[in-house]
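**Q** Mind looking over this structure? Questions follow.
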Amino acid sequence: MQHSHEISSPEYDRVAVAELGRTPGIESARLFKNAAQRRNLTGAELVLARTAREEIQQRARRISALTEKVAGLPLTADECSVLRPPFGRATHLPSPDRPYVHLAVHTGQGGVSVTPVWAAAAGGNVVLSTVENRIKARATALDPLVALSVPAGVGSQICLEIGGFARQSPDSERELIRTLARMYSKPKVGEQVDGNYTSWDQRERNERLRLEILAYRVRNELGDDPVCRSAPYVQELAPRFRTADAARPSGRGSHDEFWGPDERYGEDEPELRGARDELAILGMTRRGKESTYRSLSPTYGHLACFDHHGLLRCRQIGFDVIDVKGEARISFLVKKRDTGTLRKNPAVAVSVAQYSSGSVWLQAQGLIQFHDDPGMVQDAVHRLESRYNRVHHRSALDLGQGGSRPEDHVLATLSRQKLSSRYRETERSLRSAHALGK
């Protein structure tokens with residue numbers, strides 16, 4: 001049984017809540033796009049980009065001032081302990097005992113993005129680090145409402161789910177990122193084997209920012225039953241994506257495929273063949289040349305979507321990869337009662353991190369599509385039970401609460417998916433460098 005209740009808190013500033021909770025308009029979407037980091041800008045484009053970045057910085061400072069007037073929900077000692085290295089250590093043990101936080105942000109016009117990040121607890125809040133002009137920085141400056149999924153580690157059903165306001169502040173001395181790097185990585189940058197974070201201290205030219213998440217809703221599964229608490233002003237927050245007259249996100253006409261092992265390596269070099277294997281990040285592999293997939297490991301995903309109130313939610317899910325009309329899609333179960341909300345707000349994103357290979361991650365963004373064929377649902381249940389039977393398959397299938405049954409669910413897949421990963425970012429950087437060289 002899930003316990004849910006509002007928490008009494010000191011009187012809050014209703015004007016501040018109204019402004020923080022206001023739905024971003026078309027102007028925010030324009031700023032988000034104009035401020036994106038791009039190479040080879042012309043003079044006019046450069047002026048637009050600088051103007052947009054300055055306005056985004058001003059909005060970030062205003063949001064920071066507004067959050068000072070709003071009371072949040074401090075995390076409990078048990079919730080903070082999920083973010084700390086285990087057994088009283090100063091650093092996380094080798095994977096899988098170093099959980100990342102998965103941060104979901106609203107990118108405007110009903111779009112969502114979710115990525116794994118290093119995190120810690122400070123003063124009862126979650127703190128993260130990012131770089132000015134990254135999607136996380138631009139999105140939270142234009143819309144401070146975010147969602148977090150905080151797992152206790154790979155193979156654990158223990159997790160937190162947080163909705164909150166993101167408050168930015170400069171980290172010019174890079175104190176927070178250095179603290180997080182000490183917790184999550186080896187002491188010396190040169191000792192890293194992890195391509196994503198190896199050179200963070202050398203390659204970044206933009207300003208480092210500290211993101212502090214002031215929670216307005218927390219749901220934890222630390223005990224026998226999930227417990228949810230929320231601040232009294234949650235109902236006053238405007239939906240991020242109106243269900244009445246907002247245009248549907250167009251998505252993409254194409255569907256990105258997952259990259260497999262790099263074919264230039266032979267069978268006698270399995271560690272090199274997996275160098276670009278995005279399916280392996282998902283804990284999956286292709287079965288020969290057929291359009292079927294089998295599980296390698298029970299990796300969890302983290303799903304970002306909009307809830308019935310139109311606010312961001314990010315939660316841990318069990319998932320599979322299946323072939324739908326020749327497209328390899330991430331698939332998962334959704335309760336029938338939630339399908340109406342997801343049809344109105346169909347933009348979703350799934351983030352997956354593979355701990356055993358370091359900071360290897362993948363994000364799939366797209367539109368949710370439902371398949372209520374009983375045969376497909378039953379097959380999905382059997383596959384998920386097999387995939388997660390070594391950990392806690394009822395949690396992975398979302399069957400462990402309130403007598404939920406497989407027949408209460410439909411199968412969901414991610415269509416029109418746009419993929420991003422460490423490998424794709426590396427390839428884009430190489431292409432840009434090659435183009436500049438010419």
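No value in this document is a laboratory result; all are computed from the given coordinates. This is a predicted model, so every value here is computed, not measured. Cβ: placed from backbone, ideal geometry, glycine included. Neighbour counts: every protein chain shown.
**Q** Work out, step by step, the length gained on full extension between V234 and T23: first 0.36 nm times the residue separation, then minus their alpha carbon distance; give nm to one decimal.
**A** Values: separation 211, 0.36 × 211 = 75.96 nm, distance 1.39 nm.
Full extension of this stretch gives 74.6 nm more.
**Q** Let me ask another. Based on the alpha-carbon gyration tensor of the stretch 52-100 and its eigenvalue square roots a ≥ b ≥ c, which shape applies: rounded if a/c is under 1.5, prolate if not and a/b is larger than b/c, or oblate? Provide the component values of the computation, followed by the final result.
**A** Values: a/c = 4.70, a/b = 1.95, b/c = 2.41.
It is oblate, given that a/c is not under 1.5 and a/b is not larger than b/c.
**Q** While we're on this one: Report the FRET efficiency, 1/(1 + (r/R0)^6), for R174 and Q378, where r is their Cβ-Cβ distance and R0 is 45 Å, rounded to 0.05.
**A** Details: r = 52 Å, r/R0 = 1.15.
That pair, R174 with Q378, gives E of 0.30.
**Q** On a 31 Å Cα-Cα criterion, which of the cross-link pairs K33/K344; K33/K336; K69/K136 come out too long? Mind dumping the intermediate values first?
**A** Details: K33/K344 24 Å; K33/K336 35 Å; K69/K136 23 Å.
The answer is K33/K336.
**Q** By the gyration tensor of its Cα atoms, with a ≥ b ≥ c the square roots of the eigenvalues, what is the shape of the stretch 330-388: rounded for a/c under 1.5, prolate for a/b over b/c, or oblate?
**A** On the way: a/c = 3.06, a/b = 1.32, b/c = 2.32.
Oblate, because a/c is 1.5 or more while a/b does not exceed b/c.
**Q** Taking the Cβ-Cβ separation of R424 and N40 as r and a Förster radius of 25 Å, what is the calculated FRET efficiency to the nearest 0.05?
**A** 0.80
**Q** Where does the charge balance sit around T285 when Lys and Arg score +1, Asp and Glu -1, over other residues with C-beta under 10 Å from its C-beta?
**A** Working: positive: R286, R287, R294; negative: D277.
Result for the neighbourhood of T285: +2.
**Q** Identify the GluC sites (Glu not before Pro) of the stretch 272-350 meeting these criteria: DSSP loop state and at most 11 other C-beta atoms within 10 Å of the C-beta.
**A** Details: sites: E278, E290, E327; in loops: E290.
Hits after loop and neighbour filter: E290.
**Q** Express in nm, to one decimal, how much length is gained between A65 and K325 on full extension, taking 0.36 nm for each residue of separation and deducting their alpha carbon distance.
**A** Working: separation 260, 0.36 × 260 = 93.60 nm, distance 5.02 nm.
Contour length minus Cα-Cα distance gives 88.6 nm.
**Q** Separate question: Taking H as built 1.01 Å from N, whose amide H comes closer than 5 Å to the amide H of Y388, not counting residues under 5 places away?
**A** none
**Q** Per 0.36 nm of contour for each residue apart, how much would the distance between D224 and K33 grow if the chain were fully extended, relative to their Cα-Cα spacing?
**A** Values: separation 191, 0.36 × 191 = 68.76 nm, distance 4.45 nm.
Computed gain between D224 and K33 is 64.3 nm.
**Q** Shifting gears a bit: What residues qualify as long-range amide H neighbours of V101, i.e. H under 5 Å apart, gap of 5 or more or another chain, H built at 1.01 Å from N?
**A** It is V117, A119, by chain and number.
**Q** Would you please give the FRET efficiency between D408 and H309, computed as 1/(1 + (r/R0)^6) with r the Cβ-Cβ distance and R0 = 25 Å, to the nearest 0.05?
**A** Working: r = 22 Å, r/R0 = 0.86.
Plugging the Cβ-Cβ distance into 1/(1 + (r/R0)^6) gives 0.70.
**Q** Can you give me the pair-distance distribution of the stretch 18-145, C-alpha pairs, 5 Å bins, whole percents?
**A** Taking all Cα pairs of the stretch 18-145, the binned fractions are 2, 9, 16, 18, 17, 14, 10, 8, 4, 2, 0, 0 percent.
**Q** When the Cα centres of the stretch 281-354 and the stretch 93-150 are compared, how far apart do they sit, in Å?
**A** Here the two parts' Cα centres lie 19 Å apart.
**Q** Starting from the 7 Å offset along Cα-to-Cβ, what nm value, one decimal, do you get for the label separation of E290 and V47?
**A** So the two model labels end up 6.2 nm from each other.
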